[in-house]
Amino acid sequence: MPVSESIELEEASVPEDATDALPINELFYSLQGEGRLAGVPSVFVRTSGCNLRCWFCDSYHTSWEPTHAWLDVDAIIEEIEQYEAADHVVLTGGEPMIHDASETLLERLNDRGYHTTVETNGTIYRDVPIDLASISPKLASSTPTPERDPAGDGEWADRHEADRIDLNALASLIDAYGFQLKFVVTDAEDMPEICDLLAELRAATTRTIADEDVLLMPEGATRDRLAETRTRVAELAMEHGFRYTPRLHVDLWNDAPET
Ligand code: SF4
């Protein structure tokens with residue numbers, strides 16, 4: 001039984017004008033699984049390509065081994081509009097902000113009255129209409145060291161480590177948009193880094209970052225792995241006064257694609 005609805009992507013050649021087309025890995029209708037909008041029916045547009053390489057990436061085929069079909073923005077809008085019950089769209093990846101055409105798509109969705117969430121690693125700022133910037137800064141524990149590299153011997157480690165935090169981009173995103181800061185937490189060792197980054201961000205932004213804007217999310221893309229991490233992460237959220245976010249799509253559908 002399908003757990004969500006999706007379109008069949010046609011393979012297409014790389015377009016000449018990259019401002020009007022996006023490499024799409026998946027486009028489907030499901031429930032938002034994470035964050036303050038968890039449970040809201042939403043159309044997901046998952047772009048391919050990422051500027052980072054977290055070892056635990058749960059969208060492997062947008063980062064370590066990117067696969068996609070190119071769709072122009074008009075075609076993406078047409079597909080989104082087929083899901084008539086949905087008024088929320090989640091632009092995700094990979095890292096959707098690396099693509100110029102994400103700006104075009106977000107502007108068109110805004111014109112049509114959709115609520116847009118952008119799931120981003122927070123390393124790139126663009127001046128576009130976004131209702132909720134769901135910012136997930138990557139901690140040191142995400143770095144693909146040789147021991148943790150899923151695809152090699154740690155060739156990406158230095159680049160990932162150098163690029164994973166951009167304080168200016170993070171502050172600009174927080175200043176410009178409705179936002180949530182969502183941290184993937186593996187264990188208590190992540191907390192000092194989260195608290196330090198939060199202090200730096202609070203000093204760098206003009207907005208107030210309330211503790212409830214800070215979400216701790218257990219690392220794990222399968223029910224088995226979440227069972228190992230979630231209780232500890234929930235306890236850490238209570239200890240620090242931050243918000244815990246479940247991964248509803250994993251609870252409901254485990255690691256099925258297009259959820
Ligand atoms: S930033 Fe996100 S999409 Fe990119 S490698 Fe990390 S988890 Fe995957």
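The values are calculated or read from the model by the stated rules, or taken from the named source; none is laboratory data. Predicted model only: the values in this text are computed from it and were never measured. Glycine gets a Cβ as well: all are built from the backbone with ideal geometry, and neighbour counts include every protein chain shown. All accessible areas refer to the heavy atoms of the entire protein, side chains included, with ligands and DNA or RNA removed. Shrake-Rupley method; radii C 1.70, N 1.55, O 1.52, S 1.80 Å.
A few remarks follow.
- Condition met for Gly113 (of a type outside the set (Ser, Thr, Tyr), open to solvent by 10 Å² or more (accessible area, probe 1.4 Å) and within 13 Å of the chain's Cα centre (by Cα)): no
- Selection of the stretch 205-220 for residues being within 17 Å of Leu139 (Cα to Cα) and in a loop (DSSP other than H, G, I, E, B) yields Glu219, Gly220.
- Looking at Glu79, Glu119, just one residue is surrounded by fewer than 21 Cβ atoms within 10 Å (Cβ to Cβ) and closer than 22 Å to Pro257 by Cα, and that residue is Glu79.
- Screening Asp153 with (1) out of contact with any helix residue (DSSP H, G or I) (no Cβ under 6 Å at 6 or more places or on another chain); (2) within 21 Å of His240 (Cβ to Cβ) gives one miss only, at (2).
- Any hit, the stretch 204-214, residues being over 20 Å from Pro129 (Cα atoms) and free of Cβ contacts under 8 Å to residues at least 24 places away in the same chain: yes
- Residue within the stretch 57-68 that is β-branched (Val, Ile, Thr), open to solvent by 50 Å² or more (accessible area, probe 1.4 Å) and either within 16 Å of the ligand (Cβ to nearest atom) or over 19 Å from Arg247 (Cβ atoms) (or both) present: yes
- Considering the stretch 72-114, and only residues there that are β-branched (Val, Ile, Thr) and within 15 Å of the ligand (Cβ to nearest atom), the residue that is farthest from Ala21 (Cα to Cα) turns out to be Val90.
- Qualifying residue in the stretch 115-129 (condition: within 10 Å of the ligand (Cβ to nearest atom) and in contact (Cβ under 8 Å) with a residue 60 or more places away in the chain): yes
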